[in-house]
Amino acid sequence: MQGKALPGFRDFYPEELALRNHIFATWRAVATRYGFEEYDGPPLEALDLYTRKSGDEIVQQLYAFRDKGDREVALRPEMTPTLARMVAARAQALKKPIRWFSIPQLFRYERQQRGRLREHFQLNMDIIGEASALADAELIAAAIDILRAFDLGPQDVRARVSDRRVLRALLMGAEIAEGQLPAALAVIDRSERVPKNVLEEMLKESGYGKRETAAVFAVAELRGIGDVSAALGNVRGGEEAGEPLRQAIAALEAMGLAEFVTVDLTIVRGLAYYTGIVFELFDAAKELRAICGGGRYDGLLAAFGGTDLPALGFGMGDVVLGELLKERGAAPKASTELGAFLIAVSGGEDLTTVLRLAHALRDRGVPVEYGLRHSGVRKQLELASARGAARAVIVGPEERAAGVAVVRDLKAGTEAKVPLEHLLNGFFD
RNA sequence: GUGGCUGUAGCUCAAUUGGUUAGAGCGCCGGACUGUGGCUCCGGAGGUUGCGGGUUCAAUCCCCGUCAGCCACCCCA
């Protein structure tokens with residue numbers, strides 16, 4: 001079929017744009033409430049900004065091409081490299097910690113599925129220059145509060161929090177060698193989706209024995225800060241490794257968000273650059289993909305050639321969130337709310353009065369519409385109602401002679417005669 | 001990138017084992033209704049059945065290819 005957008009790209013008809021605007025407005029409101037400042041960067045970047053730090057996998061999924069100036073360029077697939085570049089350029093001048101957010105449109109050439117397109121908008125919130133676990137808690141709280149602002153509660157969404165340092169301490173405490181960690185992480189990451197025998201096979205291929213395999217599964221099954229702390233108590237360096245996670249969880253409890261939060265070590269996050277606490281937010285039924293994901297990436301800024309600042313952040317896409325809101329019926333319906341629809345009973349003087357009235361009301365900020373082509377009162381009322389106008393203002397020869405207009409409340413169906421003078425000043429009664 | 005399922009008006013679906021002008025409801029436009037809406041009735045527009053090829057006297061239906069959508073994997077945003 002022709003006349004459609006490219007695969008994985010969306011047309012935003014008014015109804016869909018209303019939802020998108022609603023999402024953006026809520027994102028901005030909560031981010032601002034947390035003291036974050038908005039920034040943006042270019043949607044097109046030099047290709048090597050991504051090839052330098054990301055793996056081949058990412059590079060294959062890039063929308064990349066050579067521009068007319070013979071530069072290798074790419075549409076941005078994520079915001080973090082741009083952020084790192086911008087912060088690095090002014091690292092000395094910016095007061096720390098930096099709290100910034102952005103709502104970039106990101107692009108990735110992938111086979112599309114539900115909740116995964118080739119383009120999406122993603123709120124990014126990052127804190128740079130703060131190593132304290134309170135910063136981790138702050139970001140997780142912001143992510144949860146965004147969902148609360150959409151009227152979603154703990155029965156709708158959950159945050160699952162883990163920490164790579166904890167995972168590492170537990171696994172190495174079970175005498176799993178450094179070089180064998182990636183296999184364990186891969187298995188833990190998949191432990192809820194892949195059958196156990198397949199996972200055992202994966203570990204076996206990586207040289208795991210019975211005892212080590214059992215240890216990996218034991219770690220994957222830990223839930224809650226209590227269990228995790230207890231397990232950490234049995235391994236060398238465990239106490240220390242668990243401290244940031246304990247602090248972050250305690251902070252979230254103090255904020256009253258405990259019922260949203262679960263400590264769950266199966267949250268690994270794919271990206272190799274995460275170094276500490278990582279988290280994801282899911283719909284409670286887990287029917288959809290993750291709504292949001294993020295964590296601490298302390299080494300990354302230095303890797304981009306900047307100052308070595310600790311950093312953390314998360315991304316929250318508009319696609320999965322939009323699906324969730326539509327499912328919950330939490331999406332807004334109308335994009336504009338008309339204050340009044342003006343109706344001229346006949347042409348001539350009635351219309352002149354309607355035009356004068358319309359302009360006066362618009363000058364006062366009242367959204368107003370009227371029929372652009374003359375038709376019967378019935379037709380015009382129909383249009384007024386279809387437009388979702390709150391009221392219709394009917395102007396006919398009789399009313400004009402009396403210096404009034406009929407104001408009809410379209411929801412209640414009641415009518416009143418209102419002096420034209422009132423209407424011209426923006427009053428409907 | 002790999003595999004599976006699906007593809008008929010804007011939307012939801014029909015069309016006897018392949019059978020000739022592909023239908024309906026909703027929506028849209030117009031009318032009944034000439035100073036009062038959301039009802040009702042009537043009429044209209046809108047499809048080269050995703051596209052291309054093949055089999056057949058005949059294809060929406062069967063076969064192949066392709067494109068698109070969905071699902072799983074991969075990967076994660």
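The values are calculated or read from the model by the stated rules, or taken from the named source; none is laboratory data. Just so we're clear, the structure is a prediction, and the values are computed from it rather than from any experiment. Backbone-built Cβ (ideal geometry, glycine too); neighbour counts: all protein chains shown.
Name the one entry in A:118, A:165, A:148 that is under 17 Å from the mean Cα position of the chain (by Cα), away from RNA strand B (no atom under 16 Å from the Cβ) and of a type in the set (Lys, Arg).
Going through A:118, A:165, A:148 in turn, the sole match is A:148.
Tally up the residues in segment A:265-288 that are within 13 Å of RNA strand B (Cβ to nearest atom) and within 23 Å of residue A:183 (Cα to Cα), please.
Residues meeting the conditions: 12.
Check segment A:96-105 and report whether any residue there is assigned to a helix (DSSP H, G or I), away from RNA strand B (no atom under 16 Å from the Cβ) and modelled with pLDDT under 95.
No - not one qualifying residue is present in segment A:96-105.
What pairs come up if the first residue lies in segment A:98-125 and is within 21 Å of residue A:40 (Cβ to Cβ) and assigned by TED's automatic domain parsing to the domain that holds residue A:61, the second is more than 8 Å from RNA strand B (Cβ to nearest atom) and among the β-branched types (Val, Ile, Thr), and their beta carbons are under 6 Å apart, counting only those six or more places apart or on different chains?
A:98/A:128; A:99/A:127; A:121/A:103; A:123/A:103
Which of the residues that make up segment A:228-264 are in a helix (DSSP H, G or I) and either of a type in the set (D, E, K, R) or within 16 Å of RNA strand B (Cβ to nearest atom) (or both)?
Those that are in a helix (DSSP H, G or I) and either of a type in the set (D, E, K, R) or within 16 Å of RNA strand B (Cβ to nearest atom) (or both): A:239, A:240, A:243, A:246, A:253, A:259.
What single numbered condition from (1) more than 23 Å from residue A:137 (Cβ to Cβ); (2) buried (at least 19 other Cβ atoms within 10 Å of the Cβ) fails to hold for residue A:42?
Only one criterion in (1) more than 23 Å from residue A:137 (Cβ to Cβ); (2) buried (at least 19 other Cβ atoms within 10 Å of the Cβ) is unmet by residue A:42, namely (2).
If residue A:31 satisfies every condition in (1) surrounded by fewer than 15 Cβ atoms within 10 Å (Cβ to Cβ); (2) touching a residue at least 60 places away in the same chain (Cβ under 8 Å); (3) within 16 Å of the chain's Cα centre (by Cα) but one, which is the exception?
With respect to (1) surrounded by fewer than 15 Cβ atoms within 10 Å (Cβ to Cβ); (2) touching a residue at least 60 places away in the same chain (Cβ under 8 Å); (3) within 16 Å of the chain's Cα centre (by Cα), residue A:31 is out only on (1).
Among the residues of segment A:360-376, which ones are out of contact with any strand residue (DSSP E or B) (no Cβ under 6 Å at 6 or more places or on another chain) and either surrounded by 14 or more Cβ atoms within 10 Å (Cβ to Cβ) or not basic (Lys, Arg) (or both)?
A:360, A:363, A:365, A:366, A:367, A:371, A:372, A:374, A:375, A:376
Please work out which residue is nearest to RNA strand B (Cβ to nearest atom), limiting yourself to segment A:1-57 and to residues that are hydroxyl-bearing (Ser, Thr, Tyr), outside any loop (DSSP other than H, G, I, E, B) and at pLDDT 85 or above.
My answer is A:50.
For segment A:300-324, give me each residue that is part of a loop (DSSP other than H, G, I, E, B) and either in contact with a His (Cβ under 8 Å, 6 or more places away or on another chain) or modelled with pLDDT under 85 (or both).
Selection gives A:304, A:305, A:306, A:307.
Which of the residues spanning segment A:378-395 are over 12 Å from residue A:342 (Cβ atoms), over 43 Å from the mean Cα position of the chain (by Cα) and surrounded by 13 or more Cβ atoms within 10 Å (Cβ to Cβ)?
Within segment A:378-395, none qualify.
Specify which of the listed residues (A:181, A:170) is surrounded by fewer than 18 Cβ atoms within 10 Å (Cβ to Cβ) and more than 18 Å from residue A:324 (Cα to Cα).
When all the criteria are applied, what remains is A:181.
Is it the case, given these coordinates, that residue A:405 is within 44 Å of the chain's Cα centre (by Cα), surrounded by 13 or more Cβ atoms within 10 Å (Cβ to Cβ) and more than 6 Å from RNA strand B (Cβ to nearest atom)?
no
Which of the following residues is in a helix (DSSP H, G or I), under 23 Å from residue A:289 (Cβ atoms) and either in contact with a Leu (Cβ under 8 Å, 6 or more places away or on another chain) or in contact (Cβ under 8 Å) with a residue 40 or more places away in the chain (or both): A:188, A:225?
One residue alone meets the criteria, A:188.
Being touching a Gly at 6+ places or on another chain (Cβ under 7 Å) and farther than 19 Å from residue A:369 by Cβ is the filter here, so list the residues in segment A:385-429 that pass it.
A:419
Within segment A:377-395, track down each residue that is more than 6 Å from RNA strand B (Cβ to nearest atom) and β-branched (Val, Ile, Thr).
A:393, A:395
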